[in-house]
Amino acid sequence: MTTQEASITTDAPPVRRSRRRWMPPALFLLALLLVLGRGLLSAEDEPSTMLGASGTVPGGLARLHGVMPYTEFAALEGREVPAELTGDVPRGAHQVVVLLELTAMDPDGLEFTADDYAVDRLGGRRAPVVWASSAAASLAQGETLQAELVFEVPDKALELTLEGAGDVRLSMGTDHHSGG
């Protein structure tokens, strides 16, 4: 062995087998934690309350009577379309009216604000209220409010959810679409 070869072999630090032995289990544990963490972070929201069933809101109950295209609703009711709803609707969308019933059950009553409600759709996108028959109301125990909320939603027949006060989630179904 030459002196040059001897210096190469002696200059290199000794390899510790104990470090290499822990590498595969450590990598496996890291991968497992990443998979579990992703599963927890991407967990879906609580299932929504079925159309027509009651969901709990602070102070009482909320229920959807129905969902339909706003133009059909206005024609059935013999109403004029409010000025706020006569403008152009974005391409690929239509206006729907959500018939929301709120009932105050608590002794302190129920507070309603239309802006607390929005339509949740795929991809976490939300559609705010475009128009409401009642912007806000205070209900005493036992009182009921029938509110009409108008939203602009996609034309595609997607499952939509009305989200509101107290994390209530009410399913809107797909019947409001022309093909529904």
Quick one: in segment 99-110, of everything that is over 12 Å from Glu143 (Cβ atoms) and under 26 Å from the mean Cα position of the chain (by Cα), which residue is surrounded by the fewest Cβ atoms within 10 Å (Cβ to Cβ)? Leu99
Just one listed residue, out of Ser133, Ser138, is surrounded by fewer than 18 Cβ atoms within 10 Å (Cβ to Cβ), within 18 Å of Thr71 (Cβ to Cβ), among the small types (Gly, Ala, Ser) and at pLDDT 90 or above, and it is Ser133
Quick one: which residue in Val96, Val81, Val67 is modelled with pLDDT of 80 or more, in a loop (DSSP other than H, G, I, E, B), open to solvent by less than 80 Å² (accessible area, probe 1.4 Å) and closer than 26 Å to Asp155 by Cα? Val81
Test Arg126 against the stated conditions and say whether it is open to solvent by 60 Å² or more (accessible area, probe 1.4 Å) and closer than 18 Å to Val168 by Cβ. yes
Check on Leu51, in contact with a helix residue (DSSP H, G or I) (Cβ under 7 Å, 6 or more places away or on another chain), surrounded by 12 or more Cβ atoms within 10 Å (Cβ to Cβ) and modelled with pLDDT under 85: no
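Would segment 103-123 turn up any residue that is assigned to a loop (DSSP other than H, G, I, E, B) and β-branched (Val, Ile, Thr)?
No: segment 103-123 contains no residue that is assigned to a loop (DSSP other than H, G, I, E, B) and β-branched (Val, Ile, Thr).
Give the residues of segment 155-174 that are hydroxyl-bearing (Ser, Thr, Tyr) and either in contact with a strand residue (DSSP E or B) (Cβ under 6 Å, 6 or more places away or on another chain) or open to solvent by less than 40 Å² (accessible area, probe 1.4 Å) (or both), sorted by residue number.
Initial filter on segment 155-174 (hydroxyl-bearing (Ser, Thr, Tyr)): 161, 171, 174.
Correct list: Thr161, Ser171.
The values are calculated or read from the model by the stated rules, or taken from the named source; none is laboratory data. Just so it is clear, the structure is predicted and the values come from calculations on it, not from any experiment. Every residue, glycine among them, receives a Cβ derived from its backbone with ideal geometry; neighbour counts consider all protein chains shown. We work out accessible area using only protein heavy atoms, side chains counted, and drop any ligands, DNA or RNA first. Shrake-Rupley method; radii C 1.70, N 1.55, O 1.52, S 1.80 Å.
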